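Visitor: Sharing a structure here in structure tokens format.
The values are calculated or read from the model by the stated rules, or taken from the named source; none is laboratory data. Since this is a predicted model, take the numbers as computed values, not measurements. Each accessible area value is taken on the protein alone, full model and side chains, heavy atoms only, with ligands, DNA and RNA left out. Shrake-Rupley method; radii C 1.70, N 1.55, O 1.52, S 1.80 Å.
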Amino acid sequence: MRIGELAARTGVSVRSLRYYEEQGLLVSTRSGGGQRHFTEDDIERVDFIQRLYVAGLSSRTILELMPCRYAPSDENSDAALERMAQERDRLSAHITELLHTRDSLDGLITAARADRDGRRTAA
């Protein structure tokens with residue numbers, strides 16, 4: 001199937017599919033005229049890539065995880081589990097940082113309200 005059909009069947013833009021190919025996440029064959037051609041299996045591959053993106057993973061990390069799915073072995077599974085755990089730890093640290101930032105903003109909002117209310121009662 002051509003790239004437009006793959007895009008229609010997966011709900012992913014042609015531009016994204018080209019990006020996946022550039023990143024090594026998706027592979028096509030080329031016709032004599034240079035048109036990309038994909039297989040039925042690529043529909044599932046694109047779905048897998050999309051699920052990993054939704055989980056917050058980068059294209060580089062997704063590429064590292066691909067062997068677990070497409071060349072399954074204990075070694076590849078262990079490597080994928082370790083990499084996903086690292087990503088989870090990274091996200092948890094980022095969430096903690098965001099919560100601290102939100103708490104700081106809450107403090108500024110409280111101080112600004114108190115300042116505003118203090119000016120109103122003084123007037």
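Visitor: Kindly provide log₁₀ I(q)/I(0) values, in the same order as q = 0.18, 0.21, 0.23 Å⁻¹, from the Debye equation applied to equal alpha-carbon scatterers of the stretch 12-69.
Guide: Taking Cα atoms of the stretch 12-69 as identical point scatterers yields -0.61, -0.81, -0.95.
Visitor: Next question, about the same structure. How large a share of the accessible area of the chain, in percent, is made up of carbon and sulfur atoms when the probe is 1.4 Å and the other protein chains stay in place?
Guide: Carbon and sulfur atoms account for 54 percent of the accessible area of the chain.
Visitor: Note down the Stokes-Einstein diffusion coefficient of the chain in µm²/s, whole number, using a Kirkwood radius over alpha carbon pairs, 10 °C, and 1.306 mPa s.
Guide: Details: Rh = 18.0 Å.
Roughly 88 µm²/s, to the nearest whole number.
Visitor: Please give the contour-minus-distance gain from HIS94 to MET1: 0.36 nm per residue of separation, less the Cα-Cα distance, rounded to one decimal in nm.
Guide: So the chain would gain 29.4 nm between HIS94 and MET1.
Visitor: Most mobile of ILE95, ILE43, ILE109 per a Gaussian network model of the chain (Cα springs, under 10 Å)?
Guide: Result for the chain, Cα springs under 10 Å: ILE109 fluctuates most.
Visitor: Let me ask another. To check my understanding: the extent here is largest minus smallest coordinate of the Cα atoms along each principal axis. What are those three numbers for the stretch 71-123, in Å, largest first?
Guide: 74, 12, 6
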